[in-house]
Amino acid sequence: MTKVDLGYFQAHYDEELDAIVETWVTSPTSEEFRTGMNKIIDMMAHYKTGALLGDTKELGALSEEDQQWSFTDWLAKALEVGYHSFAVIISPDIFAQMSVEDTLTEVQAKTTVTIQYFDDEEKAREWILSTRKEASA
């Protein structure tokens, strides 16, 4: 389970970060979105990590149904496997940004998941590494 490549979605475990790194390559259908998101849960459980670095630049805007599914079904399962932090690389497209941020704002308000937004992967990686250092201090 080292890597997942579904064409529209890719994910791998990054040992240095102790995190799952996921990239949306193209804007997915609802079914594709849910399949990719469920792969993230499988990988978090397998690698026993709750940290996620997500490149959502190509994700596009999510439907209301997918936003709701993310916040209810997916989030409950993710929390069960230890989901605790998410470094999000956001799209420059304002509608895609709003879609992702709407869902994640609700997550932050109702859970202990820490979420930070970035415009490039290097800054996101640095943040995840800093959260690991804080947790071990």
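The values are calculated or read from the model by the stated rules, or taken from the named source; none is laboratory data. No experiment lies behind these values; they were computed from the predicted model shown. Backbone-built Cβ (ideal geometry, glycine too); neighbour counts: all protein chains shown.
Some values worked out for this structure:
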{"read-out": "Residues of segment 75-110 satisfying the condition of being of a type in the set (A, V, I, L, M) and either buried (at least 18 other Cβ atoms within 10 Å of the Cβ) or in contact with a helix residue (DSSP H, G or I) (Cβ under 7 Å, 6 or more places away or on another chain) (or both)", "value": "75, 78, 81, 87, 88, 89, 90, 96, 100, 104, 107"}
{"read-out": "Selection count where residues are of a type outside the set (Asp, Glu), within 20 Å of residue 124 (Cα to Cα) and free of Cβ contacts under 8 Å to residues at least 40 places away in the same chain, scope segment 49-77", "value": "6"}
{"read-out": "Given (1) under 19 Å from residue 24 (Cα atoms); (2) small (Gly, Ala, Ser); (3) not in a helix (DSSP H, G or I), number of the condition residue 82 does not satisfy", "value": "(1)"}
{"read-out": "Residue list for segment 85-120, filter: among the hydroxyl-bearing types (Ser, Thr, Tyr) and part of a helix (DSSP H, G or I)", "value": "99, 103, 105"}
{"read-out": "Test result for residue 11, crowded, with 18+ Cβ neighbours inside 10 Å and under 22 Å from residue 123 (Cβ atoms)", "value": "yes"}
{"read-out": "Hits in segment 42-63 (condition: under 18 Å from residue 128 (Cα atoms) and not small (Gly, Ala, Ser))", "value": "43, 44, 47, 48, 49, 52, 53, 55, 56"}
{"read-out": "Number of the exception - residue 128 against (1) modelled with pLDDT under 90; (2) buried (at least 20 other Cβ atoms within 10 Å of the Cβ); (3) aliphatic (A, V, I, L, M); (4) more than 21 Å from residue 7 (Cβ to Cβ)", "value": "(1)"}
{"read-out": "Index of the failed condition, residue 16 passing every other in (1) surrounded by 15 or more Cβ atoms within 10 Å (Cβ to Cβ); (2) over 14 Å from the mean Cα position of the chain (by Cα); (3) not polar (S, T, N, Q); (4) not in a helix (DSSP H, G or I)", "value": "(1)"}
